[in-house]
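Chemist: Dropping a structure here in structure tokens format, bear with me for questions.
The values are calculated or read from the model by the stated rules, or taken from the named source; none is laboratory data. Here the structure is a predicted model, which means the values were calculated and not measured. A quick note on method: Cβ atoms are made from the backbone with ideal geometry, for glycine too, and the neighbour counts reach across all protein chains shown.
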Amino acid sequence: MNKGWYIRPFERKDLPDVVKVNKSCLPENYPNQFFLGLYHHAPKAFLVGIDNDKLAGYIMCRIERGVSSFGIMPVKKGHIVSVAVMDIHRRKGIGYALIRKGMAAMSEYGVSEYFLEVRKSNNAAIGVYEKLGFSIKRVLKGYYRDGEDAYLMARKSIKDEPIESE
Ligand SMILES: CC(C)(COP(=O)(O)OP(=O)(O)OC[C@H]1O[C@@H](n2cnc3c(N)ncnc32)[C@H](O)[C@@H]1OP(=O)(O)O)[C@@H](O)C(=O)NCCC(=O)NCCS
């Protein structure tokens, strides 16, 4: 079925629209160089959602090394740095698809798990992450500038799981 939307890799020309979505959806905003830096760092894991020819959402990620959320060993892990879908394009599955495809892309860089921080009050995002198999690992006290706590959520790699169709 044609859903009217699809996911594709970020291109430089998308930057103004991605910045617009970020500003309108999240209080965590960044200079242009931050977005481009992540793009150069892990281009396969910077994706955008296009809905009826409009840029509706994005995901950008960073490949990091650190202690596993599932043990004590140092591992390569994929960090979902930012994901957002413009409000008028929500509840169509775009956020889910962006994250799922972002996870598949991070696995191509050899990560064994993924993690992210999310505001404790952000039920929509927590809902998507739980649907994608993430679970809460820790509370990060006062993580955000305004003092709100974050949940650190993590999930093991989807590497050996079948890729879902869009
Ligand atoms: C989180 C966000 C990206 C979800 O995008 P989306 O395209 O609307 O999500 P989807 O349509 O793919 O939803 C997938 C599932 O997530 C859950 N979900 C999504 N929005 C939800 C909400 N408002 N309340 C509860 N569950 C929600 C549902 O299980 C949903 O499946 P369903 O529609 O079949 O019930 C979007 O709400 C957003 O951009 N929010 C502001 C930015 C943000 O919070 N980013 C995350 C920071 S960590």
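Chemist: When you check Phe115 against the structure, is it more than 10 Å from the ligand (Cβ to nearest atom), touching a residue at least 12 places away in the same chain (Cβ under 8 Å) and either surrounded by 22 or more Cβ atoms within 10 Å (Cβ to Cβ) or under 25 Å from Lys54 (Cβ atoms) (or both), yes or no?
Modeler: Values: more than 10 Å from the ligand (Cβ to nearest atom): yes; touching a residue at least 12 places away in the same chain (Cβ under 8 Å): yes; either surrounded by 22 or more Cβ atoms within 10 Å (Cβ to Cβ) or under 25 Å from Lys54 (Cβ atoms) (or both): no.
It is false that Phe115 is more than 10 Å from the ligand (Cβ to nearest atom), touching a residue at least 12 places away in the same chain (Cβ under 8 Å) and either surrounded by 22 or more Cβ atoms within 10 Å (Cβ to Cβ) or under 25 Å from Lys54 (Cβ atoms) (or both).
Yes/no matrix, rows are residues, columns are (1) in a strand (DSSP E or B); (2) surrounded by fewer than 18 Cβ atoms within 10 Å (Cβ to Cβ):
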residue	(1), (2)
Lys23	no, yes
Gln33	no, yes
Met60	yes, no
Arg65	yes, yes
Lys76	yes, yes
Leu98	no, no
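Chemist: Can you pull out every residue in the stretch 73-91 that is of a type in the set (Gly, Ala, Ser) and farther than 19 Å from Pro27 by Cα? Working first, answer last.
Modeler: Our first condition is that a residue be of a type in the set (Gly, Ala, Ser); within the stretch 73-91, this holds for 78, 82, 84.
Gly78 - this is the single residue of the stretch 73-91 that is of a type in the set (Gly, Ala, Ser) and farther than 19 Å from Pro27 by Cα.
Chemist: Still on this model: Inspect all residues belonging to the stretch 138-146 and state whether any of them is more than 13 Å from the ligand (Cβ to nearest atom), touching a strand residue (DSSP E or B) at 6+ places or on another chain (Cβ under 6 Å) and in a loop (DSSP other than H, G, I, E, B).
Modeler: No.
Chemist: Read through the list (1) touching a strand residue (DSSP E or B) at 6+ places or on another chain (Cβ under 7 Å); (2) closer than 16 Å to Pro9 by Cα, then give the number of the only condition that Met86 fails.
Modeler: (2)
Chemist: Residue under question is Lys159, and the condition is that it be closer than 23 Å to Pro9 by Cα, more than 11 Å from the ligand (Cβ to nearest atom) and at pLDDT below 95; does it hold?
Modeler: Working: closer than 23 Å to Pro9 by Cα: yes; more than 11 Å from the ligand (Cβ to nearest atom): yes; at pLDDT below 95: yes.
Yes; evaluated as a whole, the condition is true for this residue.
Chemist: Here are some residues: Ala104, Ala124. Which one is surrounded by 14 or more Cβ atoms within 10 Å (Cβ to Cβ) and either outside any strand (DSSP E or B) or basic (Lys, Arg) (or both)?
Modeler: Values: Ala124 fails: surrounded by 14 or more Cβ atoms within 10 Å (Cβ to Cβ).
Within the list Ala104, Ala124, the selection yields Ala104.
Chemist: On the basis of being in contact with a Phe, Trp or Tyr (Cβ under 7 Å, 6 or more places away or on another chain) and within 15 Å of the ligand (Cβ to nearest atom), does Lys23 make the cut? Steps first, please.
Modeler: Numbers: in contact with a Phe, Trp or Tyr (Cβ under 7 Å, 6 or more places away or on another chain): no; within 15 Å of the ligand (Cβ to nearest atom): yes.
No; evaluated as a whole, the condition is false for this residue.
Chemist: Here is a further query. Condition first: more than 14 Å from the ligand (Cβ to nearest atom), closer than 22 Å to Ser157 by Cα and surrounded by fewer than 23 Cβ atoms within 10 Å (Cβ to Cβ). Now tell me which residues in the stretch 43-58 satisfy that.
Modeler: Those that are more than 14 Å from the ligand (Cβ to nearest atom), closer than 22 Å to Ser157 by Cα and surrounded by fewer than 23 Cβ atoms within 10 Å (Cβ to Cβ): Pro43, Lys44.
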